[in-house]
Amino acid sequence: MRWCFFAGVLAGIVSFISCEPETGHILIDTGQDEIAHETPAVDDPPVSYVAPDGFEVTPFSHDPLWAFAKGGTDSISVSSLEPWNVSYASEWLSLSSSEGGSGVSVVRITTRPNTGESARNAKLLFSVGDGRLEYELTQFPDIFKRHAHILLKVHSSLVIRYDSTRFSRIYSVIPVPHTDQYQTVTKVRLFAGAFPGLCADGHNMYAVSDISGDIPKSGREVNSCVFDAELNMVETDFQRIGKIQAYDTEAPEYLRYTSRDSCDGRVIVDPLNQDILRISDELWMRSEMNILSYARMCYEWTARNLTYGDAFTGLHPVEEIMRSRRGDCGAFTSVYVSLLRAKGIPARHLLMISPLDGYHIRAEFYLSGYGWIPVDPTFKNSNPSRDYFGNNSGRHIVVSHGICTEVEGPFGPCVIDGLQQYYWWAWRSEGDRSYDVQHQVSLLGMEGPA
């Protein structure tokens, strides 16, 4: 008998959310003060700047929802019908090219970290024949204090145990972490025969193992990933936040992180849920339509009004959570993310693992011009006297950003709940169904505090 089996696991915490570039994104100064309107999106930001005729300068980034305050590189596209050159006077940026011909050119902009207290501006002056175009760049201050405090050497593996069952093929997917503001990931090694995969979002990564014929013996690995992760403690300095940039409401990333998230007919993040809308309206008015105040109020409301429970039962629909007011860290995060998305504020889950502290999910929301801000309503629920708004303890490894992720399965693209532990497909050739699959996260070594 030949059959196919599909399983996915997304667990809660044990004891009680592309490789994002290390560079940054040059933002255009819209001149807007702090947003205080019915919705956070005030104006559609300019996309391109045209003068003279046939000359365009267009900014683009690897990730439009990443603030480049830390410094690094980004690009602009220069389209011209005739030769051009550019001049500038700035000590904090440099260009890869100062001139170009007709057609389309890509100019790399390299910036130094903005460690100052406020945003800073630079002007690029393009000359094309008798025409001139002034292009202004704004780099916001880095609001995050990061401290690398622990280095973990980790072995993440998928192990299968069985007795009389005989398999002809096992296809599995496990997450592969990458470097972001919470961690630096190095020395990644995949299971023999496994190959890397990139999710459809172009951001999250995973390892695919497709074994046919020679199935490993019971108790052996069928997929694994070994890596080093230097974890950062992150603290957000809200005093350094000045003007809040308007969201680009047309950007794919904005649309992705302000909409519903659903999988297998279950709406896991739902900014249109009636309870979510009612509560978000109340909090939005109390916050006087201030994004930061509203985000904190949602964090406090979620921590105060949900009861922790039902751990290791996977992600549940928001409607179910709001009805019972109960759930694990995934549920707390889903409610928080739904509340922020209800007001057009990009927010997402962070899915994490740890050989020291097990599995966890927390949230982060995007503040335009500054970056993703970590929030943990579950920890606030467990420790009401402490503050987890803008802070990350640095004890968990982020393995994926966001949920309802598309990976490549054995039959083509497949949307899964979340890339935290594993998904697998198996073909049984004979025997019964007495088998067990386990995801194991082992500590191979550690440097720094436990």
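Pairwise Cα separations in the chain fall into 10 Å bins from 0 onward with the following percentages, short to long: 4, 20, 27, 24, 15, 7, 2, 0, 0. Electrostatic tally near Thr115: other residues with Cβ closer than 14 Å to its Cβ, Lys and Arg +1, Asp and Glu -1, net +2.
I need the calculated FRET efficiency for the pair Gln274 and Leu95, taking r as the beta carbon distance and R₀ as 60 Å, to the nearest 0.05.
Computed FRET efficiency for Gln274 and Leu95: 0.70.
Taking 0.36 nm per residue of sequence separation and subtracting the Cα-Cα distance, how much length would be gained by fully extending the chain between Glu235 and Asp432, in nm to one decimal?
Stretched out fully, the Glu235 to Asp432 stretch lengthens by 65.7 nm.
Suppose R0 equals 60 Å; then what is the FRET efficiency for Glu288 and Met446 from their Cβ-Cβ distance, rounded to the nearest 0.05?
The formula returns an efficiency of 0.85 here.
Summing Cβ point charges (Lys, Arg +1; Asp, Glu -1) relative to the Cα centre of the chain gives a dipole of roughly 1580 debye. The calculated FRET efficiency for the pair Glu300 and Arg325, based on their C-beta separation and a Förster distance of 22 Å, comes to about 0.90. Working from label points 7 Å from Cα in the Cα-to-Cβ sense, the Asp214 to Ser75 distance is 4.2 nm. Check cross-link reach from Lys380 to the aspartates and glutamates: straight Cα distance under 20 Å, and skip same-chain residues fewer than eight apart. Cα-Cα hits under 20 Å: Glu235, Asp237, Glu300, Asp310, Asp328, Asp357, Glu364.
Working note: Debye formula, equal point scatterers on the alpha-carbon atoms of segment 181-311, no solvent; log10 I(q)/I(0) at q = 0.18, 0.20, 0.21 Å⁻¹ is -1.29, -1.35, -1.37.
The local environment of Gly131, defined by Cβ-Cβ distances under 14 Å, has a net charge of -4 under the rule Lys, Arg +1 and Asp, Glu -1.
Evaluated at 20 °C with a viscosity of 1.002 mPa s, what Stokes-Einstein diffusion coefficient in µm²/s does segment 238-400 have when Rh comes from the Kirkwood expression over alpha-carbon pairs? Calculated translational D: 135 µm²/s.
Bear in mind these aren't lab numbers, they're just calculated from the coordinates by the rules spelled out. Fair warning: this is a prediction, and the values are worked out from it, not measured in the lab. Positions of Cβ are generated from backbone atoms using ideal geometry, with glycine treated the same way; all protein chains shown enter the neighbour counts.
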